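What follows is a single structure, written as structure tokens, with notes after it.
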Amino acid sequence: MQEQNSHASNGELQGAPEHKRRKRYRGTHPRTFEEKYKEHDPEKYADTVAKVIQKGSTPAGMHISIMVREILDFLQILPGQTGIDCTLGYGGHTRRMLEKLQGDGHVYGLDVDPIEIVKTRERLQSAGFGEEIFTAISENFANIDLVSAAYGPFDFCLADLGVSSMQIDNPERGFSYKLDGPLDLRLNPDKGEPASARLAGMNRDEIIGMLVENSDEPYAEKITAEILRRRKKGNPVKTTTDLRDAVTSALSFLPDNAQKKELVKKTCQRVFQALRIDVNSEFEVLDAFLQKLPGILKEGGRVAILTFHSGEDRMVKKAFAQYYKEGIFSEISTEVIRPSAEECSANPRARSTKMRWAIRGAK
């Protein structure tokens with residue numbers, strides 16, 4: 001009997017799913033994106049996520065929406081209205097818009113990222129926003145006219161032109177100079193060529209032009225020379241670390257002092273920004289969106305746009321001013337609206353944000 005019980009016990013163990021222990025991380029706290037498993041599950045580990053946010057950091061796998069109060073104050077969303085979030089991302093702005101509808105109306109959310117749009121759709125559905133009130137669409141907001149033809153026109157519209165923290169913090173996406181990974185930078189990793197391939201195919205004038213036009217980079221020529229030197233020696237820039245090291249080497253002529261470290265950091269930020277804009281054709285996308293924007297708004301429809309660098313803001317400012325001059329927009333913001341000091345302190349990634357708004361006039 002004892003032997004039979006032993007066999008039965010072994011059989012039960014064989015039929016049970018194998019228990020896999022989570023891989024341990026070094027030290028007392030998780031450091032890498034993958035190790036921060038609690039931050040990836042905010043519903044289950046709400047206390048941990050709250051502590052991370054309280055420290056002024058963004059939890060791994062999350063995105064903290066910027067200027068929510070200012071956006072909602074301007075959009076003045078009412079139950080029964082139809083709106084569109086042109087850059088769905090983590091869905092933070094969209095969720096607050098949906099709450100304003102009070103169960104009556106519809107919000108459409110666009111995103112080109114095939115990875116994050118699935119997660120966000122599920123996240124919002126779990127929060128109670130089903131297909132009757134929310135629709136996620138895999139589409140570039142350059143094609144806003146096509147979306148409007150099917151679902152518009154819209155009472156309110158938001159375009160947050162920033163890259164989501166989930167993309168920045170994931171080393172596999174290659175958006176950050178701080179994390180080692182493939183130099184990709186594509187918002188949609190299923191389309192186009194990664195930044196490493198794009199950079200490998202550019203000549204001297206093209207690289208310099210990209211750095212100057214997309215981020216006003218003052219050291220464009222020196223950085224380009226270092227990138228080409230490495231390519232000639234058979235060490236092309238393929239990873240985020242490669243590009244960071246190239247920038248650091250290009251600035252080695254600077255005197256070693258307290259300011260150099262910060263200058264290298266700012267330069268890396270500009271270089272990565274310039275390459276990201278190029279890879280994703282961000283200026284071309286924004287231009288197409290702005291050209292089509294008046295046609296997707298109802299009379300009295302409101303639009304708010306968040307930009308994160310001067311090139312984007314200039315484009316928005318110019319378009320809004322032109323539409324106002326032509327009588328297409330009845331009102332526009334005369335000055336940019338900035339996030340509060342409190343918000344910038346709680347979320348440092350909000351510091352460079354500028355908001356502009358406009359209201360559609362009579363058609």
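The values are calculated or read from the model by the stated rules, or taken from the named source; none is laboratory data. As the structure is a computational prediction, the values presented were derived from the model and not from experiment. In this analysis, Cβ positions are derived from the backbone assuming ideal geometry, glycine residues included, and neighbour counts consider all displayed protein chains. Just so you know, the surface numbers come from the protein's heavy atoms only, side chains and all, with ligands and any DNA or RNA stripped out. Shrake-Rupley method; radii C 1.70, N 1.55, O 1.52, S 1.80 Å.
Accessible surface of the range 229-280, 1.4 Å probe: 49 percent of it comes from carbon and sulfur atoms. Each residue of the range 241-341 gets 149 Å³ once the volume of the Cα convex hull is shared out per residue. Qualifying chymotrypsin sites (Phe, Trp or Tyr not before Pro) in the range 147-255, where qualification requires a DSSP coil assignment and no more than 11 other C-beta atoms within 10 Å, comprise PHE253. With one equal scatterer per alpha carbon and no solvent term, the Debye-computed log10 I(q)/I(0) for the range 116-188 at 0.12, 0.22, 0.28 1/Å reads -0.47, -1.11, -1.28.
Here the Karplus curve 6.51 cos²θ - 1.76 cosθ + 1.60, taken at θ = phi - 60°, turns the phi angles of the range 190-203 into couplings of 8, 10, x, 10, x, 4, 4, 5, 4, 5, 5, x, 9, 8 Hz, with x standing for Gly and Pro.
Taking only alpha carbon atoms, the range 63-212 gives an Rg to Rh ratio of 1.03, where Rh is the Kirkwood radius. Shown here: the range 142-298, whose C-alpha atoms stretch 57, 33, 30 Å along the first, second and third principal axes, sorted largest to smallest.
For the range 167-264, the per residue solvent-accessible surface stands at 54 Å², with DNA, RNA and ligands left out and a 1.4 Å probe. Loop-located GluC sites (Glu not before Pro) across the range 78-162 with a Cβ neighbour count of 13 or fewer within 10 Å are GLU131, GLU132, with loop assigned by DSSP.
A 1.4 Å probe over all protein chains sorts ASP245, ASP190 by accessible area into ASP190, ASP245, starting with the largest. Among the GluC sites (Glu not before Pro) found in the range 244-337, those both in a DSSP coil and sparsely packed, with 10 or fewer other Cβ atoms within 10 Å of their Cβ, are GLU326, GLU335. Remark: for residue pairs LYS222/LYS266; LYS191/LYS238; LYS191/LYS233; LYS178/LYS261; LYS318/LYS354, the C-alpha separation exceeds 20 Å in LYS191/LYS233.
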